[in-house]
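Have a look at the structure below, then the notes.
The values are calculated or read from the model by the stated rules, or taken from the named source; none is laboratory data. Note that the structure is a prediction, hence the values are computed from the model and not measured. Methodologically, a virtual Cβ is constructed for each residue, glycine included, from the backbone with ideal geometry; neighbour enumeration extends over all protein chains shown. Note: areas computed on protein heavy atoms with side chains; ligands, DNA, RNA excluded. Shrake-Rupley method; radii C 1.70, N 1.55, O 1.52, S 1.80 Å.
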Amino acid sequence: MVEIFENIRKIYTFTTPCAELAEHIEFFSESSIEATMQHIAGQKFSVKMFPSWTPTFYINLGEPYEIAVSNKHYFVNADEDILILRNSIVERYNTPIDNIFTVKFYPGGLEAVLNIKQHLLIDKVVNLNIILPARLLHNIKLVKTFDERVKLMQDFLLMNYRNKQDHYIKFVKDAIDNYAANGLEFNNRELAEKMFTTSKTINRYFNNVIGTSPKNYFSIMRARTALTGYINGREQFTPFDYGYYDMSHFYKDVVKFTGQRLGDNAV
């Protein structure tokens, strides 16, 4: 299964965080065994995801699996839990009874909540035992329901949340919101003018908070948004709505973002 091209969400259960954490965490999710059996039909399968620069916890509730991060393959045992940044293409290779509990942070969210700078995670697969208490991980696996797991994780994150507005993180979030609100068209100079600062400052803040330049992050953001729009409504799609000069410009960005041409997947 390939995200955007296919609805990978159909084999998972999702919920959003409480209001206090909603600015920093996108969702909690867990594999749905019933949905996986329905859609995968008892076969081994993989889930491929494109770059997003969103730190993500993978807590293993089931079988061992393999994961490819930055073209390196890792074997994750049944009792292992990991943290990855998703700064590159990621693919998980699963058994039919795959069972994963996931926490997906927004860019900068992990630092805001747990004071862990995400640029230190680039191209790494980190053992979650280094980040989270062993007792918490044990209890998350011990309880029976998704709601119970969410409560345990959310209570821990709230307890550790600094609840202090960080200037760098707020600035980057505001810059991302500005870019999205203005048709995904701003370049660094235009965004700097909009935010009454310099291109050099924006570049420094993005590298400090996210781990990459604003140019690269916005390119990924635009390609992800535009490709989703294309897949959801090819007949109505126009590249100009996403700041592209023409379809050729859009196709080129898709290849850069996904590593493949649009024709490589049925759409």
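Some values worked out for this structure:
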| read-out | value |
| --- | --- |
| The chain, relative contact order in percent, only Cα pairs under 8 angstrom and at least six apart counted | 17 |
| Theoretical ellipticity at 222 nm over the chain - DSSP helices of four or more residues, -39500 (n - 2.57) apiece, nearest 500 | -11500 deg cm²/dmol |
| Amide H partners (placed H, <5 Å) of Y12, local residues excluded | S32 |
| Residue-normalised accessible area of the stretch 53-110, given per residue in Å² at a 1.4 Å probe | 32 |
| Cα-centred dipole magnitude for the chain, charges only on beta-carbon of K, R (+1) and D, E (-1), debye, nearest 20 | 580 |
| Accessible surface, per residue, of the stretch 217-267 when the full set of protein chains is kept, probe 1.4 Å, Å² | 56 |
| Over 21 Å between alpha carbons, listed pairs K72/K252; K48/K104; K48/K173; K104/K141; K124/K252; K194/K252 | K72/K252; K48/K173; K124/K252; K194/K252 |
| Nonlocal amide H pairs with I100, under 5 Å, H built at 1.01 Å | S31, L61 |
| Carbon and sulfur %, accessible surface of the stretch 137-267 computed with the full protein complex present, 1.4 Å | 51 |
| Average Cα contact separation per residue, the stretch 47-180, under 8 Å, 6 or more apart, as relative contact order % | 25 |
| Value of relative contact order over the stretch 97-174, rounded to a whole percent, pairs C-alpha under 8 Å and six or more apart | 37 |
| Alpha-carbon spread of the stretch 1-117, three principal axes, descending order, Å | 40, 30, 30 |
| Listed residue (T212, V90, V69) projecting farthest to the positive dipole end of the chain, Cβ model | T212 |
| Burial order of peptide ranges 255-262, 44-51 (average beta-carbon count within 10 Å, highest first) | 44-51, 255-262 |
| Approximate spin-label separation K124-E66, in nm, with each point projected 7 Å along Cα-to-Cβ | 2.5 |
| Rounded percent of accessible protein surface that carbon and sulfur make up, the stretch 56-105, 1.4 Å probe | 48 |
